[in-house]
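Below is the structure I would like to discuss, written out as structure tokens.
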Amino acid sequence: MSFLPVTANDLPNGLNPVGKSPALAPVWSGIVPGIVLVAMITTVAYSARSFSGLTLLSPMILAVVAGMIYSNVLGLPAHAKPGIAFSQKRLLRFAIVLLGFQLTLGQVAGIGLGGVGIVAATLSATFLFTITLGRLIGVDRKLAQLIAAGTSICGASAIVATNIVTDARDEDVTYAVAAITLFGTVAMLGFPLLAPVFGLDQHAFGLWAGASIHEVAQVIGAGFQNGAQAGETATVAKLTRVAMLAPMVIALGLMARRGSTEASGTKPPMPWFVVAFVAVVALNSLVAIPAQIHTAIALAAQVMLTMGLAAMGLQADISQLRSRGLRPLMLAFSAFIFIAAFSLMLVKFA
């Protein structure tokens with residue numbers, strides 16, 4: 001059968017090329033070993049959530065940590081690298097496209113024009129604040145962009161999508177994901193306690209949580225702690241932020257293209273997955289998809305995102321992370337405070 005490995009003993013006399021090593025089957029010498037390793041790390045991440053104290057962490061951040069531990073303690077097998085690269089790039093792009101099935105245009109309309117305006121203004125102001133502050137305190141431009149995207153849009157998913165056009169180092173992606181997860185978790189636990197302090201009803205609190213907390217899961221966790229209406233409003237506001245991932249990445253891609261053209265005459269490709277994401281949102285808005293299929297797609301998207309971040313963890317060098325110092329962490333903390341304060345001000349007084 002043609003797909004089986006061929007060895008020298010399998011060939012008729014005279015057909016074995018002189019000086020050539022027997023060829024391994026392409027499937028085994030290609031991406032499969034790396035994907036298997038990434039899948040194992042992903043399984044560990046999901047399993048680790050059953051331990052006390054880890055249930056509040058998303059599988060994505062646990063996968064990053066598990067991948068880092070594996071590669072920095074045991075080392076990374078050379079034959080696994082193609083599959084790891086495939087997981088980091090192709091699977092992540094496809095997962096971001098699938099996120100479009102979590103949003104419809106009707107849901108965006110549900111929070112009203114004022115709510116959409118608050119989300120858009122908060123996103124834009126936070127992104128610009130983070131980029132500007134990063135430049136002032138000396139944080140690498142690409143790392144600052146990742147932190148800005150993760151804080152202002154949708155956490156790890158936005159960091160991954162932004163990195164596709166900014167092409168930062170894997171260590172920068174890992175650092176940004178860790179910092180965003182840290183402060184998003186603080187927000188998830190702390191914001192519900194602040195609702196009565198600031199006099200927020202369920203709608204107002206949901207809008208504040210959805211406009212400011214980093215990850216979708218963190219928003220849902222915080223929102224529903226204050227009631228069903230708060231949870232639903234928070235979820236829709238957050239998904240509206242997710243939809244704004246598309247224009248933000250396109251804008252960053254245009255900036256990268258212009259910079260690349262001026263520097264070397266080459267043009268990086270525009271992110272096709274953003275166009276696909278918008279198309280999926282439109283499809284989801286026009287076609288009634290059964291709830292069971294929605295659930296399966298959401299699970300597939302989360303698993304693929306987790307696999308992609310596991311791949312990033314596998315390629316992250318802890319010594320490189322330490323070399324970034326505390327400035328990026330200060331930047332992420334400042335961005336966290338800014339988005340919380342700015343969005344609260346709009347919810348209360350706009």
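Which of the chymotrypsin sites (Phe, Trp or Tyr not before Pro) found in region 115-202 are in a DSSP loop and have at most 14 neighbouring Cβ atoms, other than their own, within 10 Å?
198
Of all chymotrypsin sites (Phe, Trp or Tyr not before Pro) in region 40-97, which ones are in loop regions per DSSP and have a Cβ with at most 13 other Cβ atoms within 10 Å?
Here the sparse-neighbourhood loop sites are 51.
Something else now. Using a Förster radius of 30 Å, what is the FRET efficiency between residue 348 and residue 109 based on their Cβ-Cβ separation? Nearest 0.05, please.
The computed FRET efficiency comes out at 0.85.
How far apart, in nm, are two points set 7 Å out from the Cα along the Cα-to-Cβ line at residue 69 and at residue 193?
2.8
Sticking with this one: Please give every one of the aspartates and glutamates within straight-line cross-link reach of residue 81, meaning a C-alpha to C-alpha distance under 20 Å, and leave out same-chain neighbours fewer than 8 residues apart.
Qualifying aspartates and glutamates at Cα under 20 Å: 167, 170, 171, 172, 317.
While we're looking at this one, here's another question. Rounded to two decimal places and with Rh computed the Kirkwood way over Cα pairs, what is Rg over Rh for region 98-193?
Expressed as Rg/Rh, it is 1.01.
Dividing the convex hull volume of the alpha carbon atoms of region 165-209 by its residue count, what do you get in Å³ per residue?
Here the figure is 79 Å³ per residue.
Using 7 Å Cα-to-Cβ label points, what is the residue 137/residue 94 separation (nm, one decimal)?
3.9
Now a separate question. Where a Cα-Cα gap under 17 Å defines reach, which aspartates and glutamates qualify for residue 348, not counting those fewer than 8 residues away within the same chain?
201
Could you tell me what % of all Cα pairs in region 297-350 have separations over 15 Å?
70
Given axes a ≥ b ≥ c from the Cα gyration tensor, I'd like to know whether region 71-113 is rounded (a/c under 1.5), prolate (a/b larger than b/c) or oblate.
prolate
Every number here is computed from the coordinates shown, using simple stated rules; none is lab data. In this text the structure is predicted, and so the values were computed from the model without any measurement. Ideal geometry is used to build each Cβ from the backbone, glycine not excepted, and the neighbour counts take in all protein chains shown.
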